[in-house]
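Just below is one structure, and these are the notes that go with it.
Just so it is clear, none of the values below were taken in a lab; they were calculated from the coordinates. It should be emphasised that the depicted structure is a prediction, and the values quoted were computed from it without experimental measurement. No Cβ is skipped: glycine too gets one built from the backbone with ideal geometry, and neighbour counts run over all protein chains shown.
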Amino acid sequence: MESENKLPTHPNAPLATQVLLVRPARFGANPDTAASNPFQQEVPAGTEAKVQQKALDEFNQFLLRLWAARIDALVLDDVEDPATPDAIFPNNWISFHEGGKVVLYPMFSPTRRLERHPDLLTQLQQEHQLPFTHLIDLSHFENEGKFLEGTGSLVLDRQHRIAYACLSARTHLEPLQEFCRQLDYRPVVFHAVDQNGLPIYHTNVMLSLGADFALVCLEAIPDEEEQGFLLEALIESGKEIIDLSLAQVKKMAGNMLQVRNKAGEPVLVMSEKAYKALRKDQFEVLNQLTKMVRSDLRTIEAHGGGSARCMLAEIFR
C-alpha cells in the first residue's frame, strides 16, 4: 500500500537527507537493558548464532528497501570485539547537527558505552567525509549515574528547536538541560507509562515527528498538565496530531522516522509490524503527507527491543 501520490517536498522542514546504520556483528538481547525495556525478549539458550543471522538478514533487507526508496543510507560494520549486542541502534550514542556539530551521549548500559568506538568516528570522517568541527561529549554524566540516550531519549523538532523527552531511567533532566543549553533547544519534558504503568524507557517509542505531523500516544501521559504542554507545543509548531494507542505503541507504531530521499520527497520509515498496526484513518492521513517504506524487523524488535527509527542516526552536516 505504498503511496503513489505526488507529494509536496516541504522545502523548509529540516528532514535528514542522509542516515547512518550499523551492520550488526554480535546482535542479541542485552541483559543490561532488559529491566527497563519491556519490548525486549531473551534469546533462548543455544540460538544465539541463529538470532544473529536472522537479525543480519533483516538488516540487509531493510537497507535494500531504503536504497530502493532512494534514501541515502551510509553503513558502518560493527566490530566483533568488544561484543556490542545493541550496536544496530546507533542513534542512541551519537547525533549529528548542522555546522558539523556531533553529540556523544551518556548511556545507561556499560555494554552500550562500548559502542562509542573511536574507529567508527574515524571511519565516518575519513570514508564518508563527515565534518566534525565541534564535538559535544555528554558522556561524563555517566559518572553521576545520569543518562540521555541520544535520539531515543530525545525527539527533536529541529525546525522549531524543541527537544521532547519523557523522563525515565535512561533519560535524566540534567544532561537534557545541558544538551539544550549547548545546542539552543527548548525542552518539553513529561512522564509516560506503558500498558502496565511502567515508565516508557525512550521517547521515540511513543512520539515521532514528521515535517507536518506528529504520531503521539497521548494515552501514555497520565498527567493532564504535562499532556497539555506537549499538545500545545506540537500544535503551535504546526503538527497534525495522529493519536496512537498504547496497543499500537507496543507494536512499534511510534518508532518511525521521516527523512527526505534523493528526489526531495519525504519518506516515512517504519517496520512491517508498525505499518500493520496503523488504523485505516491514520494510514490515510499519512498517505496524503508522505511516502512510506516498511520492512520486516521482527527479530530485531523482539530481542533488541527497538525498531526502524532506532536503527537510523540522522546525518546533518
Within segment 190-219, restricting attention to residues that are surrounded by fewer than 22 Cβ atoms within 10 Å (Cβ to Cβ) and out of contact with any helix residue (DSSP H, G or I) (no Cβ under 7 Å at 6 or more places or on another chain), which residue is nearest to MET311 (Cα to Cα)?
-> ALA211
Taking SER245, is it within 19 Å of PRO187 (Cβ to Cβ), in contact (Cβ under 8 Å) with a residue 12 or more places away in the chain and of a type in the set (Ser, Thr, Tyr)?
-> no
When segment 228-243 is checked residue by residue, the ones that are touching a Leu at 6+ places or on another chain (Cβ under 6 Å) and surrounded by 16 or more Cβ atoms within 10 Å (Cβ to Cβ) are ILE242
Looking at LEU135, LEU120, LEU56, which is the one that is of a type in the set (A, V, I, L, M, F, W, C), part of a helix (DSSP H, G or I) and either closer than 26 Å to GLU174 by Cα or touching an Asp or Glu at 6+ places or on another chain (Cβ under 9 Å) (or both)?
-> LEU120
Kindly establish whether GLY100 is small (Gly, Ala, Ser) and within 21 Å of ALA87 (Cα to Cα).
-> no
Inspect segment 301-314 for any residue being free of Cβ contacts under 8 Å to residues at least 40 places away in the same chain and either touching a Phe, Trp or Tyr at 6+ places or on another chain (Cβ under 9 Å) or part of a helix (DSSP H, G or I) (or both) and give the result as yes or no.
-> no
With segment 185-286 as the region, which strands (runs of 3 or more DSSP E) entirely inside it contain at least 2 residues that are of a type outside the set (Val, Ile, Thr) and within 18 Å of GLU301 (Cα to Cα)?
-> 207-209, 266-271
